[in-house]
Amino acid sequence: MYAIVATGGKQVKVEKDQIIKVEKLNAEKGATVKLDALMIVDGADIVTGNPIKGAYVEAEVLYQDKFDKVIVYKYKAKKNERKRQGHRQPYTALKVVNIVKK
């Protein structure tokens, strides 16, 4: 059984006991969050919605961290214009505890 959930403006395919990294959520370590399910597949049984009424995915917050640094380098040829900038995107690591469908 797996589900498609929406979080942080993205859609993620999740299964039970899977660890996923999503856009940063305002939740403490060890807290349980509920993510809206857009689709649940259980064998040949497929349920869809936007979101599905009464269906959700329970996930436990493992930790908050930042991804590796991404370097953005811009320059204009023959003009001596250079700009170097780094960025580290924060994320939340979640462990999927349960997929609830009603």
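Applying the selection to region 49-59, what residues are open to solvent by 70 Å² or more (accessible area, probe 1.4 Å) and touching a Ser or Thr at 6+ places or on another chain (Cβ under 9 Å)? Give the steps one after another, and end with the answer.
Going through region 49-59, the residues open to solvent by 70 Å² or more (accessible area, probe 1.4 Å) turn out to be 50, 53.
Across region 49-59, there are no qualifying residues.
Looking only at region 14-48, count every residue that is in a loop (DSSP other than H, G, I, E, B) and open to solvent by 90 Å² or more (accessible area, probe 1.4 Å) and tell me the total.
Of the residues in region 14-48, the ones in a loop (DSSP other than H, G, I, E, B) are 16-18, 24-31, 43-44.
Applying the additional criterion that residues be open to solvent by 90 Å² or more (accessible area, probe 1.4 Å) yields 16-17, 24, 26, 28-29, 44.
Going through region 14-48 one residue at a time, the tally reaches 7.
Scan VAL96, VAL72 and give me the residue that is without any contact (Cβ under 8 Å) to a residue 60 or more places away in the chain, assigned to a strand (DSSP E or B) and open to solvent by less than 70 Å² (accessible area, probe 1.4 Å). Before the answer, list the steps.
Working: VAL96 fails: without any contact (Cβ under 8 Å) to a residue 60 or more places away in the chain.
From the options VAL96, VAL72, the qualifying one is VAL72.
In region 49-69, which residues are acidic (Asp, Glu) and part of a strand (DSSP E or B)? Reasoning before the result, please.
Residues of region 49-69 that are acidic (Asp, Glu), as a first pass: 58, 60, 65, 68.
GLU58, GLU60, ASP65, listed by residue number.
If you scan region 26-41, which residues turn out to be touching a residue at least 60 places away in the same chain (Cβ under 8 Å) and either within 10 Å of LEU94 (Cα to Cα) or more than 13 Å from the chain's Cα centre (by Cα) (or both)? Outline the logic, then answer.
The first filter runs over region 26-41 and keeps only residues touching a residue at least 60 places away in the same chain (Cβ under 8 Å), leaving 27, 32-33, 37, 40.
Listed by number, the residues that qualify are ALA27, THR32, VAL33, ILE40.
Farther than 15 Å from ALA6 by Cα and of a type in the set (A, V, I, L, M), is that true of VAL96? Give the derivation first.
Values: farther than 15 Å from ALA6 by Cα: no; of a type in the set (A, V, I, L, M): yes.
Considered against the rule, which asks whether it is farther than 15 Å from ALA6 by Cα and of a type in the set (A, V, I, L, M), VAL96 comes out as no.
The values are calculated or read from the model by the stated rules, or taken from the named source; none is laboratory data. If you're wondering where the values come from, they're calculated on a predicted model, not measured in any experiment. Cβ: placed from backbone, ideal geometry, glycine included. Neighbour counts: every protein chain shown. The protein model used for the area step is the full one, side chains on, heavy atoms only, and it has no ligands, DNA or RNA in it. Shrake-Rupley method; radii C 1.70, N 1.55, O 1.52, S 1.80 Å.
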